[in-house]
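As C-alpha cells, the structure follows; a few thoughts come after it.
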Amino acid sequence: MFGKKVKLRIIFLSFALVSLILIVFLILKSLEENVVYFKSPTEIKNLSELTKKKVRVGGMVKKNSLEVNSKEISFVITDFKNEIKVTYSGIVPNLFEEEKGVVAEGFIQDRKFFVAKKILAKHDENYMPPEVKKALENN
Amino acid sequence: MINQLGNYSLVFCVLFSIFIITQSIRAIISKNSKFDGIFYNLVFLQLFLVVFSFFCLVVNFIVSDFSNVTVYNNSHTSKPLFYKISGVWGNHEGSLLLWLLVLILFLFLFILNSKKSENSYKLLTILFQEVIIFGFLLFIIFTSNPFEYVFPTPIEGLGLNPILQDPALAIHPPILYLGYVGTSLVFSSSLAATVNKSINSDWAKHIKKWIFASWIFLTLGIMLGSIWAYYELGWGGFWFWDPVENVSLMPWLCLTALLHSVLVLEKRNSLKNWTIILSIATFALSMSGTFLVRSGILNSIHTFANDPSRGLFILIFLFILILLAIIIYFSYEIKNTNPSNNFFWLSKETAVLINNWFMMYFLSVVLVGTLYPIFLEVISNEKISVGAPFYHKLMVPFLIPFFIFMSIGPRLKWIKDKFTKINYYQILILILSLVISYLIVEYSGVKYLFSTILISTSIFLFYSSASDLVKKNVQFPQKISHFAFSLLIISILVNGIYSKEINSNMKVGDNLTFMNKKIEFKSINFEKQDNYNLLRGNFEITEEGKIPINFQPEIRIYDQPVISTSEADIKTNLLNDNFIVFSLLKEGEVFNVRYQQKPFMIWIWISLIMLAFGGSLALIKK
C-alpha cells in the first residue's frame, strides 16, 4: 500500500509518539506521587483525612517550646491559631531559633503531632519562607 | 562623583548600542561588503564604557561609599577587602552589570575571532547580540541601576550575607555567567547563520568554539556552586535538586546536547534544524534561568530581592527574544544540502542523536519538576515542592540504557559501521561488571536488582571509556571528557551508596560511638576575628589501632548582619572525606553535631575538573 520509505516513516513516527506519551505519563505519574504539599498547623487541624504522604509544615517556633536530648529535639510550630508538636533527629540549620520562622518536612502522626525528617535551611535572618509569611498573614 | 561617572557611562552605552544597531541594519540592507573596522571600534568603545562603569562600582565597594544604594545594602566597612570586591557581584544590581560586561566582552571577542567569516553573517551576529545588550542595558538602567544613591549618606552599610563570604562563592557567579552569557553568542550567531543561509560545516567549526567555551564555564560554574554547597550549606550534600540548581542544570543539559549535535553538523553537514533549535533553546533556558532567579519566583539563597517589575521586564524581554528567534527560524528555510538525511542505524550520527534524545528527556524531567510547582501555585494557590525522589525515580532508570549507549557510541564510525566489532571480549566485561556490582550491592546491604544493573552498566561504561583512552581512532579531548564522565558517575554512585552519617546533640565532654569509631567532643574555644566571632569545637575521633584525628569545625557569628554560619571541618583523602559540622542549638550549651563519612568525594570534583579540561582541549585544538 505504502512505499517502503513511507512505511518506515510511519513506523518511526508512531514509535516516537508512543514513547512521548509514555514519557509524559511517567513524568506526571511520578509527579503526583512525589510532590510535597505545604500546610500550616491550622490546615492540618482542618484536614478531613490525615495523609500518609510527606508534607511540609510551616510557622513559627513557639517560645520556650524547644527541648533537646541527645537523640532528638522537639518543638512546637505555631501559626498563632493552632499548633503542632514536632520531633526531629538530625542537623538543624543555624538560623533555627525560637520565635523564628521554620519549615519542617516529614510525616503527620496525628493532628497535634508531627515527625520531621528535615528542617529546611534558611539563609537570611530576615528571610521568611513565603508559605510561612502567607500563613501568618492569613491568620 | 564616581557614582555619576559609572551611571553616565552606562547611559552612553545605550547610545552606542542604538548606534551600532542602526549602523548594522544599514550595512546589512545596503549589502555594504566593506567591513570597515567601524564595528570593531564601536564595540571596543562600548566595552570600554561598561568596563569603566563596572570599575566605578568596584571602587565604590572598595572605598565603602555608602551613598551608593547597592554598596549600602551589600557592604560593610569591617568586611575584608576580598569580600568587598566579591560583594560587587554578590547582589542583584552588580551581578547584572557583570552579566552585561560579559555580553559585550563576548561580542568583542567574536569580532576579533571571526575575521575570516562572511561579512553579512558577522553583521547579523553583531545586530542580534546588540539587541540583547540593548535589552539588558535598559533593564539595568530602569529596574536595577547599581548607581542609585541615598541622601543623607549612611554611616555604615548593611553588610553582605555571611554565607556568601566564601572563596568558592566569590568566583562562582563570574564563572557561571561566562557560561550563561556564552550561550547568548551561540544564539545570535545561529540566528545570523539562519538568516544568512550559511549553516554548514564551516559555520559549525566556527561556532563550536563558543559552544565549548560556554560549556566549560558552565560546568565549572556549577561545580563551584556545588563544592560550596557541600562544605558550607549542605552539611555534606552536593546536589539538592533545588530549583535554582536546576535552572543551571537545564542549560547545561541542552548545551551538552548541542555540543554533540554540532559535531554531526561539522562532520556530516547534517542536523541543521536541530542544531539551530538547540542553540535557541539553550539561550532561552539561560535567560529564563535569570528570570526565575531574579524575579523572586523561586525562593532561595540566590534570590536577592523580590521585585515584580524586574521579573516582568525580563519575562517580556525573554518573550520578545524567543518570538524573534521563532519568526526568524520559520521565515528562513534551512535547506539540507546533504541528500541522504536519514542516518544509517549503526553509525556515530545515530549515537549522537541518541545522546541528544536522552539529554532532552533529562531536560524535560528537570523542566517539569522546576516549573510545575510555579504553575500549580498560580492556578490553584496550592503550595507544593518537588524533591529529589521525583528526579531520581524518573532519571535513574534511564541512566542504564544511557550508559550502555554511551559505552558503544564513541567507538562507532561515521556514516556506517559494522556490527561485528562488538566482540565477545566486551560481553565478558559486561558479565564481569555484573558480578562486581552484585558483590558491591550485596556487601553494602542495598539489595536491589535495580542497583546491581545500574552499577554494572556504569562499570561497563567506565571500562569502555578507560579502554578508549589508549585507542587511536577516538579524539583525545573526547576520550578525556567521556572518561571523566564515567568516573563522575561511578564516584556519585559509590558516594551515594556508601555514605554514612550520624547526627547527635552533644555537650562538651560527650562521647559518641559510630562504626567502631569513638567521637569525643573535647572542648570549645572562643576567638575574635575581624568581622565575626568564632566558636571552635574540638573533636577527637579515635579508631582502634589508628592515631586519633582532631577535627575543628567552627561556628561563626558575624557582626553585620548578625548571622551565624557553620564551617565544616573536612579531612580529605583519596578514598574518603571525613566531615564534621556542628551548629548552635540551645543557648550555646548543647550543639547539634553531624559526622559523615563520604567515600570518593574528591573524585567527584576531580572528574568534573577533568570533564571541563577535556572540553578545553577541544577548544585549543584548532
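A short reminder: the numbers here are calculations on the coordinates, not readings from a lab. Worth saying up front: this structure is predicted, and the values here are computed from it rather than measured. Cβ placement follows ideal geometry from the backbone for every residue including glycine, while neighbour counts extend to all protein chains displayed.
Tabulated data for the structure shown
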| read-out | value |
| --- | --- |
| Electrostatic dipole magnitude of chain B [Cβ: Lys, Arg +1; Asp, Glu -1; Cα centre; debye, to 20] | 2760 debye |
| Reciprocal mean inverse distance between Cα atoms of the stretch B:108-151 - Kirkwood radius, Å | 12.5 Å |
| Highest average packing first - A:47-54, B:187-194, Cβ atoms within 10 Å | B:187-194, A:47-54 |
| Nearest-20 debye value, the stretch A:1-77 charge dipole, Cβ charges on Lys, Arg, Asp, Glu | 460 debye |
| Total charge dipole magnitude, the protein assembly as shown, about the Cα centre, Cβ charges on Lys, Arg, Asp, Glu only, Debye to nearest 20 | 3460 debye |
| Residues whose placed amide H lies under 5 Å from that of residue B:75, excluding near-sequence neighbours | B:158, B:159 |
| Candidate lysines for bridging to residue B:116, where Cα separation is under 16 Å - those fewer than 8 sequence places away on the same chain excluded | B:34, B:205, B:208, B:209, B:622 |
| Shielding of A:85-94 by partner chains, average beta-carbon count, 10 Å | 5 |
| Quotient of C-alpha Rg and 2.2 N^0.38 Å, computed over chain B | 1.04 |
| Average other protein chain Cβ within 10 Å of Cβ, residues A:68-78 | 3 |
| Estimated inter-spin distance, residue B:515 and residue A:28, nm [label 7 Å along Cα→Cβ] | 4.3 nm |
| Interchain or long-range residues, amide H under 5 Å from residue A:59's placed H | A:102 |
| In order through the stretch B:113-124: 3J(HN,Hα) via Karplus (6.51 cos²θ - 1.76 cosθ + 1.60), integer Hz, x for Gly, Pro | 8, 10, 4, 7, 6, 5, 4, 4, 5, 5, 4, 5 |
| From phi via Karplus (6.51, -1.76, 1.60), per-residue ³J(HN,Hα) for the stretch B:38-50 in Hz, x at Gly/Pro | 5, 6, 4, 5, 4, 5, 4, 4, 4, 4, 4, 4, 6 |
| Protection-proxy order for peptides B:151-162, B:518-529, each taking the mean of Cβ atoms within 10 Å per residue, highest first | B:151-162, B:518-529 |
| Shape parameters for the protein assembly as shown, alpha-carbon atoms, Rg then Dmax in Å | 27.7, 86 |
| Sequence-distant residues sharing a close amide H with residue B:514 (under 5 Å, placed H) | B:519 |
| Selection from B:606, B:537, B:549 lying farthest towards where the dipole of the stretch B:486-622 points positive, charges on Cβ | B:606 |
| Karplus (6.51, -1.76, 1.60) ³J(HN,Hα), θ = phi - 60°, over the stretch B:210-227, in Hz, Gly and Pro reported as x | 5, 5, 4, 4, 4, 4, 4, 5, 5, 4, 5, x, 5, 4, 4, x, 5, 4 |
| Shielding by partners - mean other protein chain Cβ count within 10 Å, residues of B:390-403 | 2 |
| For the stretch B:1-165, alpha-carbon Rg over 2.2 N^0.38 Å | 1.18 |
| Charge dipole (the stretch A:1-91, unit charges on Cβ, about Cα centre) - positive-most of A:91, A:22, A:12 | A:12 |
| Translational diffusion coefficient (Stokes-Einstein; Kirkwood radius from C-alpha pairs) of the stretch B:75-167 at 37 °C, 0.692 mPa s, in µm²/s | 208 µm²/s |
